[in-house]
Amino acid sequence: MIPFNRPPFVGKETDYIKEAIAAGKICGDGAFTKKCNKWIEEKTGTPKALLTTSCTHALEMAALLADIKVGDEVIMPSYTFVSTADAFVQRGATIVFVDVRPDTMNIDENLIEAAITPKTKAVVPVHYAGVSCEMDTINAIAKKHGLWVVEDAAQGVMASYKGKALGTIGDFGCYSFHETKNYSMGEGGALLIGREDRIEQAEIIREKGTDRSRFFRGQVDKYTWVDYGSSYLPSDMNAAYLYAQLEEAETINNARLSVWNRYYNGLKTLADAGKIALPVIPEGCVHNAHMFYIKAADLAQRTALIASLKENGVGSAFHYIPLHSAPAGIKFGRFHGEDKYTTAESEKLLRLPMYYGLTDEEVEKVISSVLEFYKTV
Ligand SMILES: *Cc1c(COP(=O)(O)O)cnc(C)c1O
């Protein structure tokens, strides 16, 4: 059986966790957390990166930092994970969903402006599959209307747009290090803070509303409760696991890209014959092979393909029931404009096995299983 996903493991994770334990510092902001923050800052150029307990929590921090209040509106795609919306719903915002582009499954940048009202406070581009949204257009619209830009870059670590790392293009960027992502600490994430005037507030929110970070830097002689906040910092043991992988980020990235290219070339004949659609990487985007998906003709064909792959011992997965059609999405949001692509395209999309350690032989087996299925279609 070739599973759909395996959590990444490079080898040094166990040693680093032991090191964290030996250091007697297993709570947050120990040596490994600092190393991870520094790695992200150096790799992406963000003024400040803070490791968090999840991308969901990084998004919640961004919603707090953007001062989202009851009645505010936040624009995002409906084709995304629930946390993108829920972080803002928790602050009392109404979510305004707009359609995606069928080529990248990213928010259609040309539909954003029409969805803006006097209540709009933020736009949340989601870089699906580690392929960037059209950020120049999105930033220009946000600037014109005074909106915050929060990038859901959960899938975007090591990917870029016109030379800029995903997560560093808007005001805030949110990374995920969940076990299904390219680099992992089990559960975890990071907040990238592009706005230098919000760094201190971010540290306070992450540390239960206290100025503990300032205290550790020796800037105050005791720490105290200064504002609202929560506990968004992960254990240093989890950071130790992650750091082992960040050190090997190039190796992991190259291995994933090689799998992606093998899939792409192996399935191109089907795309050329008009039987399936393959992912599109727009110019200026460098992706990170977070996932490899194909699009079947329709839902019935996708369902049959999943069953056929399973019979051949190949795991596959689809995702995202569009949020605007989910119970909470109906309660907390509305779809602006026509749902031309979100629902229809999401029903066709199928993700093939993609993880660090997937062998060429396994990839070839997946490809031949897909080709086999389409001989009968
Ligand atoms: C994985 C993911 C999240 C949530 O990440 P967690 O670290 O599990 O909280 C949010 N948004 C998108 C687009 C994701 O893929």
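The values are calculated or read from the model by the stated rules, or taken from the named source; none is laboratory data. Note that this is a predicted model, so its numbers are computed, not measured. As a convention, Cβ positions derive from the backbone with ideal geometry for all residues, glycine included, and neighbour counts pool all protein chains shown.
Being assigned to a helix (DSSP H, G or I) and modelled with pLDDT of 95 or more narrows it down to one residue among LEU246, LEU233; which is it?
On the way: LEU233 fails: assigned to a helix (DSSP H, G or I).
The match here is LEU246.
If I ask for residues that are among the charged types (D, E, K, R), within 25 Å of GLY92 (Cα to Cα) and either in contact with a Pro (Cβ under 7 Å, 6 or more places away or on another chain) or buried (at least 20 other Cβ atoms within 10 Å of the Cβ) (or both), which ones from segment 110-136 would you list?
Across segment 110-136, the qualifying residue is only LYS121.
Can you tell me how many residues within segment 79-97 are more than 10 Å from the ligand (Cβ to nearest atom) and over 10 Å from ALA63 (Cα atoms)? Steps first, please.
The initial filter retains those residues of segment 79-97 that are more than 10 Å from the ligand (Cβ to nearest atom), namely 88-97.
Filter once more, keeping what is over 10 Å from ALA63 (Cα atoms): 92, 94-97.
Final tally of qualifying residues: 5.
When you go through (1) touching a Lys or Arg at 6+ places or on another chain (Cβ under 6 Å); (2) β-branched (Val, Ile, Thr); (3) assigned to a helix (DSSP H, G or I); (4) more than 30 Å from VAL131 (Cβ to Cβ) one by one for ILE199, which number turns out not to apply?
Unmet for ILE199, out of (1) touching a Lys or Arg at 6+ places or on another chain (Cβ under 6 Å); (2) β-branched (Val, Ile, Thr); (3) assigned to a helix (DSSP H, G or I); (4) more than 30 Å from VAL131 (Cβ to Cβ): (4).
Within segment 169-183, which residues are surrounded by 24 or more Cβ atoms within 10 Å (Cβ to Cβ), out of contact with any Pro (no Cβ under 9 Å at 6 or more places or on another chain) and under 12 Å from ARG195 (Cα atoms)?
Listed by number, the residues that qualify are PHE172, GLY173.
Taking segment 167-206 on its own, how many of its residues are out of contact with any helix residue (DSSP H, G or I) (no Cβ under 6 Å at 6 or more places or on another chain), among the charged types (D, E, K, R) and away from the ligand (no atom under 16 Å from the Cβ)?
5
Which residues, taken from segment 50-71, are under 18 Å from the mean Cα position of the chain (by Cα) and either over 20 Å from GLU179 (Cα atoms) or near the ligand (Cβ under 10 Å from one of its atoms) (or both)? Explain how you work it out, then say what you get.
To start, the set of residues in segment 50-71 that are under 18 Å from the mean Cα position of the chain (by Cα) comprises 50-63.
Selection gives THR52, THR53, SER54, CYS55, THR56, HIS57, ALA58, LEU59, GLU60, MET61, ALA62, ALA63.
Yes or no: ASP197 surrounded by fewer than 16 Cβ atoms within 10 Å (Cβ to Cβ), at pLDDT 95 or above, among the charged types (D, E, K, R) and farther than 26 Å from PRO77 by Cβ? Lay out the reasoning, then the answer.
Details: surrounded by fewer than 16 Cβ atoms within 10 Å (Cβ to Cβ): yes; at pLDDT 95 or above: yes; among the charged types (D, E, K, R): yes; farther than 26 Å from PRO77 by Cβ: yes.
It is true that ASP197 is surrounded by fewer than 16 Cβ atoms within 10 Å (Cβ to Cβ), at pLDDT 95 or above, among the charged types (D, E, K, R) and farther than 26 Å from PRO77 by Cβ.
Please go through segment 31-58 and pick out each residue that is of a type outside the set (Val, Ile, Thr) and either under 16 Å from ILE205 (Cβ atoms) or modelled with pLDDT under 95 (or both). Walk me through it before giving the result.
As a first pass, look at segment 31-58 and keep what is of a type outside the set (Val, Ile, Thr): 31-32, 34-39, 41-43, 45, 47-51, 54-55, 57-58.
Answer for segment 31-58, where residues must be of a type outside the set (Val, Ile, Thr) and either under 16 Å from ILE205 (Cβ atoms) or modelled with pLDDT under 95 (or both): ASN37, LYS48, ALA49, LEU50, LEU51, SER54, CYS55, HIS57, ALA58.
Go through LYS121, LYS143 for me and flag whichever is part of a strand (DSSP E or B), away from the ligand (no atom under 16 Å from the Cβ) and either of a type outside the set (Phe, Trp, Tyr) or within 24 Å of THR343 (Cβ to Cβ) (or both). Reasoning before the result, please.
On the way: LYS143 fails: part of a strand (DSSP E or B).
Answer to the check: LYS121.
Do you know which of the residues in segment 322-349 that are more than 18 Å from ILE75 (Cβ to Cβ) and under 18 Å from the mean Cα position of the chain (by Cα) is surrounded by the most Cβ atoms within 10 Å (Cβ to Cβ)?
Checking each candidate, the answer is LEU349.
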